[in-house]
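The next block holds one structure in the form of structure tokens; read it before the comments.
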Amino acid sequence: MATSVTISLLISAALVFAVEIVARGSFESTLTFLREPLRPGWTTIVFFALLLTCLDALLGRAHLALLITGPLVLAVAFISKQKAYYLGDPLYPTDFLYGAQIVELLPLLVRERPWTAGAIVVGGLVATALLVATWFYWRRRRPSMSRRERCLRLAFAVPVLAFFVSLMDYSSFSWARDRLQIVPMMWDQKENYAFNGFMFAFALNLPMANVAAPAGYSADAIQAVRTPTGIATVPAEKPDIIIVMSESFWDPTRLPNVKITPDPIENVRKIRSGHMFSPEFGGMTANVEFEALTGFSNAFLPYGSIPYQQYVRDKIPSLATFLNDEGYQTRAIHPFTRWFWNRGAVYDAFGFDRFMSEEDMPTLAKRGPLASDAALTEEIIREADSTKDPFFFFAVSLQSHGPYEPYRYTNTTHKVETTASSWTRESILTYAEGASDADKGLQRLIDWAKKRKRPTVIAFFGDHLPPLGPVYVDTGFMKEPVAARKGPLGEMSRQHETPLVIWSNRKGAVKNVGSISPAFIPLHVLRAAGMTHPFYTGFLGEVRERYRVVDRNMLVKPSNETTENWVKKGDSLDPVIRDFRYLQYDLMFGARHGIPGFFPEIGRGRRTS
């Protein structure tokens, strides 16, 4: 048995080395992880050796478990590397909650890299065949373990593995975890994965669905939060409100050494109110949408979490809840499947009367592979013209979803000049065409609204920068194909800001909004509509006076003064941010002490139309 355990240690060392090479994409970084005594490299090797020992005992033959464990962890590490390449973040356990959505988007990914996709499929089939052949060969050549040997392995490995599992709750201190050099760094996941290695960093993220109450949270703490505006008010003539979250809408003329003619976002540029500082990059649209509809912040949730899929299980206050209570028709509109990002259940929990997905709206014309912005705009107008009551529409476009393979569109109307590669030039052209279509869609909405007698407020913004990948590096916009999560304010703004427009057919464009977190969009929209609300204009208004960006990595004041690593400040945290976190926890996970003072519409129930 000792010989077998030694061999398991050597196999585990080779497996850990391979996993880290794949996940990191760096030989040097992998060597640092395994050589540095203050990192858990050798602890990871021991863990894998125990795991293989346990699985071998269950399978009945020595080292057979490697044929299952090896391909599985290497595949997961490869997926993590690809996610980091496209979105800038490693793989989290919660990512598997939306695995079906990735499958749904595979046709788009294949269109961009067909040869790579083909190679992966062929390689996967060959690897599967080899594994199956090796499995049967090994079972024939290796003798079965005796019952005594299997029991000894399990008696040794299972308790130690259980001990390792007990260390994964990062919310509480563990002396043993500290001695083993496993250091949870949940505020900085890149460093978390770099320091702890893929296996332990991934495992540390398993408990993230359990959101602990912030220190000091209580009924008294909620009662102590000041409510600047006591009641909700709306104008006698209720304005219609349309918010369009435009997929990956951004200003491509920000790319250096690139000239695009004509200007792809000329209409937005003329009436731009400011910028939206996205907490995401290249994807995770639902997290931006969560902030824009609720006024809550992802900064107070575990890193890598997806509130739409993990935390929205009951009614949660949103703009739709408030406006529905005021007699508005509330509709969400998105020309894709209702299960994507769990939107069907979420929109119901948010108080929308109806969700118009591709299943229950007329088939929209496409430009490229997806429903066009022009067709979506006409559908919004058609729905608005047929609605007698005041309405609130929240629309999410689809046309400009990445990737941006060259020659996606025929009959292009723009020209791109750049010294970068021809592939980069054509990819930029694909993106510019989509951005231009979104820009024209906004102008069509505005032209329609100008002719209306009823007051109308329109908000329009991009959810995040597009996942242009190598284009950013090739043009010199960024050093990496994905945006940084932490850095100087100038760098973060450049890599996370998208254009924001808030416009009224009575007063025109709202100006000087600045660069704001999406959580402040409800504040500015309701102000433009002449409305007040205890939370959305009252409390959020007070937060906005002190901070324009509330991000998990930095707080930014209107003066551009930044506070980094604020999550770890504890008692020294600014009271307004502390109270913001209290209220959000209270409404999402707590006893909802704040409903009467901040969200009285929740207690009254939903209006039926």
Qualifying positions in the stretch 551-586 - in a helix (DSSP H, G or I) and farther than 20 Å from residue 517 by Cα | 568, 570, 571, 572, 586
A careful count of residues in the stretch 254-272 that are of a type in the set (S, T, N, Q) and either touching a Pro at 6+ places or on another chain (Cβ under 7 Å) or over 25 Å from residue 485 (Cα atoms) (or both) gives 2
Would a scan of the stretch 332-353 turn up a residue that is open to solvent by less than 50 Å² (accessible area, probe 1.4 Å), in contact with a Leu (Cβ under 6 Å, 6 or more places away or on another chain) and touching a residue at least 60 places away in the same chain (Cβ under 8 Å)?
-> yes
Using the structure shown, decide if residue 116 is under 26 Å from residue 467 (Cα atoms) and either at pLDDT 75 or above or of a type in the set (Ser, Thr, Tyr) (or both).
-> yes
Hey, among 318, 248, which residue is on the phi > 0 side of the Ramachandran plot and open to solvent by less than 10 Å² (accessible area, probe 1.4 Å)?
-> 248
In this structure, does residue 425 turn out to be more than 24 Å from residue 328 (Cβ to Cβ), surrounded by fewer than 23 Cβ atoms within 10 Å (Cβ to Cβ), in contact (Cβ under 8 Å) with a residue 40 or more places away in the chain and not aromatic (Phe, Trp, Tyr)?
-> no
Checking 363, 377 in turn, the sole residue that is β-branched (Val, Ile, Thr), farther than 30 Å from residue 587 by Cβ and within 26 Å of the chain's Cα centre (by Cα) turns out to be 377
Right, residue 245: assigned to a strand (DSSP E or B), of a type outside the set (Gly, Ala, Ser), within 18 Å of residue 492 (Cβ to Cβ) and in contact (Cβ under 8 Å) with a residue 60 or more places away in the chain or not?
-> no
Any residue at all in the stretch 268-281 that is modelled with pLDDT under 95 and surrounded by 23 or more Cβ atoms within 10 Å (Cβ to Cβ)?
-> yes
Look at the stretch 8-42 and say how many of its residues are among the hydrophobic types (A, V, I, L, M, F, W, C), out of contact with any helix residue (DSSP H, G or I) (no Cβ under 7 Å at 6 or more places or on another chain) and open to solvent by less than 70 Å² (accessible area, probe 1.4 Å).
-> 2
Restricting attention to the stretch 450-471, and to residues there that are in contact with a helix residue (DSSP H, G or I) (Cβ under 9 Å, 6 or more places away or on another chain) and over 22 Å from residue 264 (Cβ atoms), which single residue is surrounded by the fewest Cβ atoms within 10 Å (Cβ to Cβ)?
-> 452
Output the number of the condition that residue 509 fails; it satisfies all remaining conditions of (1) among the hydrophobic types (A, V, I, L, M, F, W, C); (2) crowded, with 20+ Cβ neighbours inside 10 Å; (3) at pLDDT 95 or above.
-> (2)
Would you be able to say whether some residue in the stretch 43-65 is farther than 21 Å from residue 135 by Cβ and open to solvent by 60 Å² or more (accessible area, probe 1.4 Å)?
-> yes
Select from the stretch 528-570 the residues that are open to solvent by 40 Å² or more (accessible area, probe 1.4 Å) and without any contact (Cβ under 8 Å) to a residue 12 or more places away in the chain and list them in ascending order.
-> 557, 559, 561, 569
Please tell me if residue 474 is in contact (Cβ under 8 Å) with a residue 40 or more places away in the chain and open to solvent by 40 Å² or more (accessible area, probe 1.4 Å).
-> yes
Name every residue in the stretch 440-463 that is assigned to a strand (DSSP E or B) and among the polar types (S, T, N, Q), in order of residue number.
-> 456
Subset of the stretch 285-339 (residues that are assigned to a helix (DSSP H, G or I), at pLDDT 90 or above, polar (S, T, N, Q) and closer than 24 Å to residue 193 by Cβ) = 285, 287, 298
If you check residue 168 against the conditions, is it over 29 Å from residue 552 (Cα atoms), of a type outside the set (Val, Ile, Thr) and modelled with pLDDT of 75 or more?
-> no
Within the stretch 488-506, work out how many residues are of a type in the set (Gly, Ala, Ser), within 24 Å of residue 564 (Cβ to Cβ) and buried (at least 16 other Cβ atoms within 10 Å of the Cβ).
-> 1
Of the residues that sit in the stretch 230-245 and are open to solvent by less than 20 Å² (accessible area, probe 1.4 Å) and in contact with a Lys or Arg (Cβ under 9 Å, 6 or more places away or on another chain), which one is nearest to residue 379 (Cα to Cα)?
-> 240
Is it the case that the stretch 158-174 has a residue that's acidic (Asp, Glu), more than 21 Å from residue 55 (Cα to Cα) and part of a helix (DSSP H, G or I)?
-> no
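The values are calculated or read from the model by the stated rules, or taken from the named source; none is laboratory data. Predicted model only: the values in this text are computed from it and were never measured. FYI the Cβ positions are ideal-geometry reconstructions off the backbone, even for glycines, and counts take in every protein chain you see. Heads up: the accessible areas ignore ligands, DNA and RNA and are worked out on the full protein's heavy atoms, side chains in. Shrake-Rupley method; radii C 1.70, N 1.55, O 1.52, S 1.80 Å.
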